[in-house]
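Step one of this worksheet: look at the structure below.
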Amino acid sequence: MRSLFNMMLFVLFVRVCLANAEERFSRFHADQGGTGVYQDTLLKPPLKVKWRYFTEGSFKGSPIIHEGRLFTADRQGQVYCLDAESGRLLWKKYFLSAGNFNFKEMTIPLAYGDFLYVHYNAISNNNRKGWLTCLRISDGSEVWTVSNIGQQATYRAKSSPLCYKGKIYFLSDHIQEDTTIRLQCLDAQNGQSLWTRPWGPFHGANGYYGGDVVLCTLKTPAVIAGCFGSIASENWHPKFGRSFAVTADSGKLLWENPSIVCGNSQNLSLRDSIFYVGSNSVEYMGLVAANVWTGVPIWNTSDGTYKVTLTDKFVMGRGYGGDAFVLNRMTGAKVSTGLDWSRFDLGPFAGKGTTGCGYVSIANGFGYCGFGHMYQNDTVNTPPGYYPRAGKGQGIYAFEVPTGFTPAKLKVCWFYRTASNICSTPAVWNGKLYVTTNNEGAIYCFENDR
């Protein structure tokens, strides 16, 4: 009887937490639209290292900060929780693989109220599985796990689940002989499936490697917009994929557009009623801006500008070669392309462009981005103590976000060289900048150097 009473109390506790959680969430790239803009007025370069925490793993996934705690997942199946002020480890959770399964990369965690949600994969030669686990933020203990829900996208440590009104949303692929892509909606309280929206099966395919979902609440019911593209390709274009929008309450399809297909590691970003995504289809090879209610393109580029961050005026971020770009958000007109590195010595890498998997994050009028140079197979110019493939061109930099539309290169105003490349996207909280490094396996916290 007491056991039943305790269970009822716990269910009530979870319901109360989730009822207050709508404004209490933290996810990849700042918000539900993935804009990458943080509402922080304290951070300003130059910066200095406040603390650094070395882990046993390596990172492509980004950190998130939720109510004073940092959460991040490495490539070896571990989730870390650190005190965001001090860098002290509070807990870590290792997701053991089952049987002969080997882990692929985990998604970036989603913090929602008092709980943390992680979508992760395991793959064997005969089967592919996926799990979604809910953990207590306080101590990392498991609340529930749903198995066999399908994988998150291959090579996709660049997204996190979405939350809205007590529900969790995420994309996954289900692969037998063919591939079915599913947008799934679970009850955040208990993991129960509420609805699933499938696409496929796509014949002869082996999963997808780009895609994410964003939330638009300007109308009722709210809309979930998303995009995905296949690993399998023909002449570098995905064999299958599409962009789409469904209602958040029931998953009712509003529209789908097979001509807008996101490429590798490309996420949607949404501001107001326009979504932006790097498309790799035959019809649209570049950045596309489209209406979230209809899926109709508004403008597009053809120069491979992909990884997107959104301000009220600009679309900005990383191009195909890794270099920065700034476009007029409403028209797509080019404002600036490239970075001015004249204040910093990158040795033989200067002027050759930078690359990496991360996105630009913006706070207090400055953009921040981690990178690793695209010309990394250079052992002659590798400084002592650095990884052989690192060279001099890896670290994190800052530039001033333009305020007008006069064309000009973005001047790099701060640069910190790390011991390995950075594939993650920085996060900002309480006047501090956080980022993870790849081979070095470190979590960095920067603060104002003033």
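The values are calculated or read from the model by the stated rules, or taken from the named source; none is laboratory data. These numbers were taken from a predicted model, which means no experiment stands behind them. In this analysis, Cβ positions are derived from the backbone assuming ideal geometry, glycine residues included, and neighbour counts consider all displayed protein chains.
The figures follow:
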{"read-out": "Residue within the stretch 199-218 that is more than 18 Å from the chain's Cα centre (by Cα), among the aliphatic types (A, V, I, L, M), modelled with pLDDT of 85 or more and under 17 Å from Ser279 (Cβ atoms) present", "value": "no"}
{"read-out": "Residues (surrounded by fewer than 24 Cβ atoms within 10 Å (Cβ to Cβ) and at pLDDT 95 or above) located in the stretch 55-65", "value": "Ile65"}
{"read-out": "For Cys357: the one exception among (1) modelled with pLDDT under 85; (2) not in a loop (DSSP other than H, G, I, E, B)", "value": "(2)"}
{"read-out": "Residues being buried (at least 24 other Cβ atoms within 10 Å of the Cβ), under 21 Å from Phe170 (Cα atoms) and over 17 Å from the mean Cα position of the chain (by Cα) - total across the stretch 249-289", "value": "2"}
{"read-out": "Subset of the stretch 400-450 [in contact with a Cys (Cβ under 7 Å, 6 or more places away or on another chain) and basic (Lys, Arg)]", "value": "Lys432"}
{"read-out": "Residue check, Thr294 more than 22 Å from the chain's Cα centre (by Cα) and either under 15 Å from Gly226 (Cα atoms) or crowded, with 18+ Cβ neighbours inside 10 Å (or both)", "value": "yes"}
{"read-out": "Residue identified as at pLDDT 90 or above and assigned to a strand (DSSP E or B) among Thr309, Thr294", "value": "Thr309"}
{"read-out": "Among residues of the stretch 412-435, those that are modelled with pLDDT under 95, in a strand (DSSP E or B) and not aromatic (Phe, Trp, Tyr), counted", "value": "3"}
{"read-out": "Check on Val282, assigned to a strand (DSSP E or B), in contact with a strand residue (DSSP E or B) (Cβ under 7 Å, 6 or more places away or on another chain) and modelled with pLDDT under 95", "value": "no"}
{"read-out": "Long-range neighbours under 9 Å by Cβ, at least six apart or interchain, first residue over 19 Å from Tyr434 (Cα atoms) and modelled with pLDDT under 90 within the stretch 16-32, second part of a strand (DSSP E or B) and of a type outside the set (Phe, Trp, Tyr)", "value": "Ala21/Cys163; Glu22/Cys163"}
